[in-house]
Structures are given as structure tokens and as C-alpha cells.
Amino acid sequence: MPSVDVLHAVSRGIVARRRLQGISHSRDIRLRLTSLAKCIQSSRHLIYQQRIAALASPSGRGPKSNVQTAPIETLAASSAGLTLRLAALITQARDKPLPKHVGAAAARAFANWLGCALGAQRDPAVIAVRKVASATGSDPQSSLIGRHEMLDAVNAALVNAVAANALDYDDMHVPTLIHATGAVAAAAYAMAEYQHAAGAALIKAITIGIEVECRLGVALFPSHYDSGWHITATVGTLGAAAAACVIAGLDVERTVHALGIASTQASGLRAMLSNPCKSFNIGRAASAGLLAAQLSRAGLDSDRDALEAKFGFLDVFGVRSDVARVTQDFGSPWLVTDLSIKPYPCGVVIHPLIDACLEISRGRNVPSEVRAITASVHARAIELAGRRHPDDAIGGRFSLYHAAALALARQSGGISAFDDADVNDSDLRTLRDLMVIESDSSVSPCAARVRVEFKDGTCVERAIEEPSGNPGRPLSDGQLRGKFIELALRAMDEGPAQALFDECMSLADCADVTHLRRYWTTA
């Protein structure tokens, strides 16, 4: 078959020759051009199919062909063929075993995500979303976590993702500020229940989905975030789609189309971070990603170059982006091992400040003894959580001043401290007024320095270089269990909660993930 360039040249030559000769046989010209257009389209499709075959084969070479395709290394280092390359990496990873420590990290992430969803069942935002989803949903396919009822997979993913984020207690990929499991685990779990998938398949789907969303995040951050996009929601839509594709077993071509369908649905504004709609952003990402996989499996096509095309995902969302980082060293290491599991239910940029204040408060009655409080943090912390006096509980979770006051006055930064504290409490307000918190270019995003002067003339200083919960200071399995049980007790009894945590931690041994729901549906 002639090359595409040759066919284009022939087409242009026919038109030019007809014009020069003054021939007005327009019908003949149209027939010839229509035939050539079909030939061009066929040639392009052949090239695309051979690229799929090359990328989908274990060696990355595929069958021998006369069509010259770019080497995998070249595709990984440029935007050309990015969507196809990413789809191939997703399907290749699905068919390979995960290292044991990676599977364990994914199981911990899932346990944390599930616990957060269980703990938020009475949250007003969750109730509102669940009410609408229940009224509009279709066949019962997937569980509503902590509830007896089931919904169709798309609406179940929506509700569960909203619940998992509602308390601001879910995990974080700190380099990109992405709540990594939020949309991904919701889509993966809903699809896995619908398919009666095994726990090992769910672990793999979560791992691959997180890899996709966080690598897109690394490529886009910080310009994408600074432009006002809620990065967890935008890239989370594609991560959710990737996870759902893994569970559904889609091939490379259908995964390409699923990524495209997810790309055109991606959205989410940072203006929503201070209100309940922040969680809806993530819920919508989960449902949109799962829907993308389902639509692709049903045969809906999208742009095959949705990520790299003009007016595609990266062109629209990436003010400045490092495209190579999307696929370069995919799974080396797996980014699920780089997540922070929060010990405190608030913005992760606040955590080092809480750690420092908790160390200072030990053994003291801070509200009655303190004279002045000064702290130095990264500029991003001031940007995201710089409000001194929050208006409500959600605002309190995004206030450096309120979180520091809680840690100093209540000697706690846990879920009960945040839930029980009135943001207008006089002791907390007094402490907030005593604080001077400034940004310091020498302080890293994961660090904080705090100095507290007491009325007796003593002064205590603490510096935190890496907060608890970060990969360098991870929660132990025992600490994670304690967090899970405290949250789960809001929806179920302690015995089933303990057993559910054990099952999550050994998720790879679960034959059918639909069995998990029995722990919260057994009265």
C-alpha cells in the first residue's frame, strides 16, 4: 500500500492537473478523491493497528512490518503516540505480577480509603449525594460502603468517592497534592464488585490507576494546579478509567478510547476546596472514569490521541507540562509506595505544624500558659491554609491556625478533636490570635518550625522535617488499624470492623471482593 504522504501528493496532483487542463468533470474528480481518501484512512488505520500490535507485545516489538514505528523509548520521551503508549503500559502491567511490597502498599491504601468512607456516612455532603444517586441509579451492581443498599456501578463509585474524601482524612501523593486513592479506588472497587473480581485484581487495578493519575500529575504540577484546577479530580478521572479498564480486561485499543472518553470529562475547580463540593469533584472523577471504561467496552470511540492532540488533555490542562514523565519508567518504582496516609483529618500541608505543636504541648496547659506563638512554613501551606479564623468545620480542616490551636490546647490532631471542636471556641480563638505564621523559602513543603514563648519566660522550639504519615515516617500497621477502627465504628460494630480491616490487609487472598460488604451488612 502506498504511504500516506504519497497518497496526499497524488491527490494534490490530480486536483492541480484538472485545474490546469480546464477540465470540469467535477463528478469524476470527486469519485477519484473519495477513493483516495478511503485509501488514506485505511493506511492510517493499518499504521495504528500495527503500532498497537507492537506496543502490546511483551517485547514491545510485535510482528515484523514494513511500516516504521517509533521505538518505545522515543514514544516515552515525547508526546507523539502518548495515549497509545500509556494504554499499552496499562495492559502490559495488568498481565504482570506486582512485587509483594507494592501489593502490600496498595492493600494499606485501600484499607485507609475504605475506613475513611465508613467514617463519613453521616456527613451532610455524603447524605445529599447518596439521596440523588439512589433516586437516579439503575440496577444494583455495587455496594454503597457502610450501607445495605446497592446501586449501579457508576453511581456507587460517585457516592463512595465522595464519602472517602469528606473528612479530609484520605491519603495524599504529596509531590502533586493528589488524593491518590480517592477516585481510583472508588472506580476500581465498584467495577470489581460488578465483575465479581478477586482481591488480587482489585489491588492491581488500584496500583495501575494510581500510577496513571500520579504520573499525569507529576507531568502537570504545579502549573496545572496553580491555574485553578483541582488536580485530584482532573487526573483522577483518567486514573479511575485506567483502574476500571484493568478490571474490565480491555485491550490496548479499547483502553485508548477509554482514556479519551475520560479526558473529555475531566474537570474540577480549586474554588471548591473550601466547601463540600471538593468531595463531589472527586466523586465525579470516579464515576466519569468508570463510565469511560464501560462506554469504551460497549464500542464508543474517542480521539486516539486524546492526551497529546491539539486541544487534547495536555494541551488544554497543561500550561506547562513535562510530557516524558507520564510514561517514563512506568512502575519503576510504583507510586502507590510513595503515598502519605494521614494521621490527621486536614490538609496535608498542615501536618508538620501539628506534629511540632503536639511535641511542644506535652505536659503543659498551653491555653493558660502561652504568651506568643511563631511558626515558619512553606509558602504553599499559607496559600492553601492561611485563614486565621475559619467559619465552619470544613474551614477548620484547612486552617493552619485552627489545627495548631487544637494540637496545643487539646493535645490531639485526630478525628475526634476536629469533630468536637467548635471553631468559635474562646480558648482556640485566643490561641489563634497569638500566632504569627509566616512563609519561609528555606522551609520545604513537608517541614515546619514552631516557637512557643510561655508566661514563665521559658521558650520551646520544634522543627519537623518530615511529618508523620509520610513515606519516610509511615503509620505502622497498628496505627493504621487504630485509625480504621475509630472511623469504622461510626458505621458498624467493633468485631466486624476488626475482621474487615484484617481482610483488607490480606486483600490479595480474597476470592471475590463482593464478600467485603458482609461485614457492614450483618446486623
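Derivation of every value follows stated rules applied to the coordinates shown; laboratory data play no part. The structure displayed is predicted, hence computed values, not measured ones. So basically every Cβ, Gly included, is an ideal-geometry build from the backbone, and we count neighbours across all protein chains shown.
Each label was represented as a point 7 Å from its Cα along the Cα-to-Cβ direction; for M272 and T458 these points are 4.8 nm apart. Estimated at 0.36 nm per residue, the fully extended path between H389 and S426 surpasses their Cα-Cα distance by 12.2 nm.
Hey, could you grab the Kirkwood Rh for the range 464-523? Inverse mean 1/r over distinct alpha carbon pairs, Å, one decimal.
When all Cα pairs of the range 464-523 are included, the Kirkwood radius is 12.9 Å.
Extending 7 Å from Cα along the Cβ direction at D493 and again at S416 yields two label points whose distance is 2.2 nm.
Which order do the peptides 127-138, 284-295, 104-115, 302-313 take when ranked by the mean count of other beta-carbon atoms within 10 Å per residue, highest first?
Values: 127-138: 15.4, 284-295: 29.1, 104-115: 25.5, 302-313: 19.6.
Highest mean packing first, the order is 284-295, 104-115, 302-313, 127-138.
This model, with +1 at the C-beta of Lys and Arg and -1 at the C-beta of Asp and Glu, gives the range 345-455 a dipole about its Cα centre of some 300 debye. The simple Förster model, with R0 at 22 Å and r as the Cβ-Cβ distance, assigns E149 and L300 a FRET efficiency of 0.15.
With all projection directions averaged, the alpha carbon convex hull of the range 424-523 covers 11.3 nm².
Charge dipole (Cα centre; +1 on Lys/Arg Cβ, -1 on Asp/Glu Cβ; no other charges) of the range 185-308 amounts to roughly 340 debye. Checking the cross-link pairs K131/K310; K100/K278; K131/K204; K100/K131; K278/K483; K278/K342 against a 28 Å limit on the alpha carbon distance flags K131/K310; K100/K278; K131/K204; K100/K131 as lying beyond it. Considering only Cα atoms, the convex hull volume of the range 188-338 works out to 108 Å³ per residue. The dipole here belongs to the range 398-523: it is taken about the Cα centre, uses +1 on the Cβ of Lys and Arg and -1 on the Cβ of Asp and Glu, and is about 80 debye. Computed with the Debye formula from one identical point scatterer per Cα of the range 348-464, without solvent, the log10 of I(q)/I(0) at q = 0.09, 0.18, 0.19, 0.21 Å⁻¹ comes to -0.19, -0.82, -0.92, -1.14.
Look at the dipole of the range 348-464 built from charges on Cβ: of G395, A405, S426, the Cα furthest out on the positive end belongs to A405.
When all alpha carbon pairs of the range 408-456 are counted in 5 Å bins from zero, the resulting P(r) reads 4, 14, 21, 22, 21, 15, 5 %.
Treating r as the C-beta distance of A511 and E486 and R0 as 30 Å, the FRET efficiency rounds to 0.55.
If you build the Cα gyration tensor of the range 74-149 and take the root of 5 times each eigenvalue, what three semi-axes come out, in whole angstrom, biggest first? Walk me through the intermediate numbers first.
On the way: eigenvalues 248, 75, 33 Å².
The equivalent ellipsoid of the range 74-149 has semi-axes of 35, 19, 13 Å.
Say a paramagnetic label sat at a point 7 Å from the Cα of V132, along Cα to Cβ; which residues of the range 231-273 have their backbone N under 19 Å from it? Hits in the range 231-273 for V132 at 19 Å: 233-234, 237, 265-273.
So how much slack lies between R320 and A372, counting 0.36 nm per residue of separation and subtracting their Cα-Cα distance, in nm?
Values: separation 52, 0.36 × 52 = 18.72 nm, distance 4.20 nm.
Roughly 14.5 nm would be gained on extension.
On the basis of the beta-carbon distance and an R0 of 60 Å, S441 and D251 show a calculated FRET efficiency of 0.75.
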